[in-house]
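Take a look at the structure below.
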Amino acid sequence: MAELLAAGPPGVAGAVARAMDRSAPGSGTSWYGGDHTDFRGGVFLREVVGVQVVVQEGGAAVPEAMAGLPPRPGGFTGRECEIEGLLCALDPAGARSNETALTLVAAVSGLGGIGKTALAVETAHLARERGWFPGGVLFIDLHGYDREPVTADRGLQAMLHALGTPPEHVPTETDERAALYRSVLAARAHERGRVLVLADNASSADQVRLLLPGDSRHRILVTSRDRLPQLGARLLPLDQLGTREAYELLDRALRIADPYDARVGEDPGTSDRLASLCGHLPLALQIAAALLTVDPGKRVAELVAELTEAHDRLDHLDDGERSVRAAFELSYRRLPPGQARLLRLLALAPGSEVSDEVVAALVGAGRPPARDQHALARAHLVERGRTRGWWRLHDLVRVFGAGLVVRTEGDAARARVLRHYLERARAADARLKPRIEDGKETGPFRSREEALAWFDAERAGLVAAAQWATDRPLASDAVRLANALGEYFEWRRFFDDTVAVCRATCAAARREGDKAVEAAAWNRMGNALRGGSRLREAWAAHQRAGDLYHAVGHDNGKAMAVSNLGVVLGDVGHIDEAVEAFHIALGLFRRTGDRHSEAGAWNNLALTLRKSGRVDEALNALRTALDLYRETGDRPREGRAWHNYAVALNARGRTAEAVTACLDSLDICEEFEDWHGSARTLYALGLVHETAGDAERARARMTQAADAYERAGSPKEAEQARRAARLTGPVPTGTPAPAAPPARTAGSAQPGPRRPGAPGSAGR
């Protein structure tokens, strides 16, 4: 003790001695004596809920707030892993076994409303129950995000009073207070044992640094909306609750108020939807539960409908005492102007995650504002995305930020993003088109693989941005962006994305009276609907496209629509009508000179002919299609045509030639990363081997096909291939083979009318 006193600044030693003399055993002081508590001269934080009282003979009572830990949070659920991690950091046995890795400080950080305080309080209760802190638990709310946070000086004063130091013995200088605080804690460790300090709601390391105990036996647990790496703490960033934990929180909160309230359990699907609308944020979930509790007759579905239809969800997430918006505002108003602007603009970003390059476009700079991005991440207002250089916002933070954006600021930012996306998407789209050699042209993408990788990474944002076509100031660029996505969507078989983008394009074109653009969008949409087996809707879409093309006198577009109608007719078994439609389309394509689209029509005609048993005619049609694809330089679609040719050859019994055609198709599909095409061709190759009586090779190829279908994101087709592999056996000569999945020619989903001979405009 003498050593500690000697180490303090001038004036501290006397203060410590006087404080210790008053509370030392044998000095006539009773730690738990008396039936009257005199708080005169004390300074306490409102969060301190329990005290011990030191009674001095002949003097006033000195309260000691060592039992000031708030009560356990009601309805606390989940966070098992986080609690385990915190207990590991606080466990004195763990510290003794690994002195070199001693952790004095554990810091829980996360978004406002994420449940930091509840987790810290629950963990502190568990640690106290285990007897780890016989010296007591100190709790202080630093109000770090209020307009007047608790300063380090005030925090020290409050902690000294909580430790039983009389007001007149608290030094006026901050450094002296800090030295006294550490000395009192050291003495307590010697006399009573370890103390846990819970410093809640800190906004900076400076608020906490002087509260750190000097004695290594003590521990301090800090909560903050900001990561505080400056403290040398065990850092625990807190994320939103999982689906199960969010569901349990809602159910438990209602049952605390009424044990028989089973509304959450009776409608689990809707309750999960409610949790999702609350962003799995504990504060929002608790408010939602409170809204249901005060209205016992209200169904969960009613609250879900209110939140879904609300112009601003945050307006509803307010129960009169707690508000998600208020929690976010506390963090927002502390931000410097640059960070505040960045948060607002990030709320407008298309897609659930945003890349550095899009962040740069949002703010109108040549490079992303890295310093501001990292500052927002430390404040948990922005989260790191799936990989380095990507960022995301919590759903409710996005709603909050978007509500702060003025119209002119938002329109300018979204326009910059659209221009960026359009420039990049056009360059990537050009790489996917035939007759462009890798590495030949300068630009951002040196190969087809690079272009596909960029499309894949930015896909969600591109889809969202293209749907800005419904907003008139942004419509023109959004429609152009949608056009640049057509080839990519068709190649990756993103049918739902295509439908969503085309609906927005149709609405924008109809509003402006642009029938040609609307017709092209209906045509693309029809192909996507058919790809998703929505044949009735596909038929209607292609009919609408044909009518619009006819109205504007666009023969090439009309031919594409008619060819696509032929595909749908073939799908539903109307063979004669389908053949007639293809011949009409072929005549129109020959008239316009569109050799590439003509190839697509021949390919699709062949599929219908083969299904009707006219195999020789189908083979002739496919030879014509292959010649035209080679003439127009479309290697990817040539690969798909080879697949169809192999299937027709197999149906004719020419198995050796069918194997060769399959291998030609497979080489091209793998060259261009057409994984779905590879899977189809492997399956067809298995059927060819089965026809030839080679069951072992057939099973091997079908198993490979199943793996390829999985890689292509087609689990149902993968399971069909596995089932076929299990059932494969020797086939008697003359037995017809099972039908292989057809390979339609891609291309009718092009963004709009093309000049004669341009690649990519074939009907399907």
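Some observations on this one:
- Residue match in the stretch 123-132 (condition: within 30 Å of VAL382 (Cα to Cα), surrounded by 23 or more Cβ atoms within 10 Å (Cβ to Cβ) and not basic (Lys, Arg)): yes
- Odd one out for LEU314 among (1) within 22 Å of the chain's Cα centre (by Cα); (2) of a type outside the set (Gly, Ala, Ser); (3) assigned to a helix (DSSP H, G or I); (4) modelled with pLDDT of 90 or more: (4)
- Test for ASP395: is it charged (D, E, K, R) and surrounded by 17 or more Cβ atoms within 10 Å (Cβ to Cβ): yes
- Some residue of the stretch 182-204 being surrounded by fewer than 19 Cβ atoms within 10 Å (Cβ to Cβ) and closer than 26 Å to GLY110 by Cα: yes
- Candidates VAL562, VAL568 - the one that is over 18 Å from GLU490 (Cβ atoms) and outside the structural domain of VAL499 (by TED's automatic domain parsing): VAL562
- Residue match in the stretch 160-180 (condition: over 22 Å from VAL108 (Cβ atoms), touching a Gly at 6+ places or on another chain (Cβ under 6 Å) and surrounded by fewer than 19 Cβ atoms within 10 Å (Cβ to Cβ)): yes
- Of all the listed residues (GLN230, GLN240), the sole one being over 21 Å from GLY115 (Cα atoms) and not basic (Lys, Arg) is GLN230.
- Residue within the stretch 514-530 that is in contact (Cβ under 8 Å) with a residue 40 or more places away in the chain, in a helix (DSSP H, G or I) and surrounded by fewer than 19 Cβ atoms within 10 Å (Cβ to Cβ) present: yes
- Residue within the stretch 388-395 that is out of contact with any strand residue (DSSP E or B) (no Cβ under 6 Å at 6 or more places or on another chain), of a type in the set (Asp, Glu) and within 30 Å of PRO268 (Cα to Cα) present: yes
- Selection count where residues are part of a helix (DSSP H, G or I) and within 20 Å of GLY112 (Cβ to Cβ), scope the stretch 275-305: 13
- For THR223: the one exception among (1) part of a helix (DSSP H, G or I); (2) modelled with pLDDT of 90 or more: (1)
Residue-by-condition table, conditions (1) surrounded by fewer than 18 Cβ atoms within 10 Å (Cβ to Cβ); (2) over 25 Å from GLY320 (Cβ atoms); (3) modelled with pLDDT under 90; (4) not assigned by TED's automatic domain parsing to the domain that holds PRO213:
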residue	(1), (2), (3), (4)
ALA233	no, yes, yes, no
LEU249	no, no, no, yes
PRO259	yes, no, no, yes
VAL264	no, no, no, yes
SER271	no, no, no, yes
LEU277	no, no, no, yes
HIS280	no, no, no, yes
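- Helices (runs of 4 or more DSSP H) fully within the stretch 121-215 that include at least 3 residues being touching a Lys or Arg at 6+ places or on another chain (Cβ under 8 Å): 152-162.
- Unique residue being over 14 Å from ARG480 (Cα atoms), in a helix (DSSP H, G or I) and either of a type in the set (Asp, Glu) or modelled with pLDDT of 95 or more (or both) when the list is ALA413, ALA453: ALA413
- Single residue of the stretch 347-361 satisfying the filter (small (Gly, Ala, Ser) and part of a helix (DSSP H, G or I)) that is nearest to ARG419 (Cα to Cα): ALA361
The values are calculated or read from the model by the stated rules, or taken from the named source; none is laboratory data. The structure presented is a predicted model; accordingly, all values stated were derived computationally and were not measured. Cβ sites come from the backbone with ideal geometry, for glycine too, and all protein chains shown count toward neighbours.
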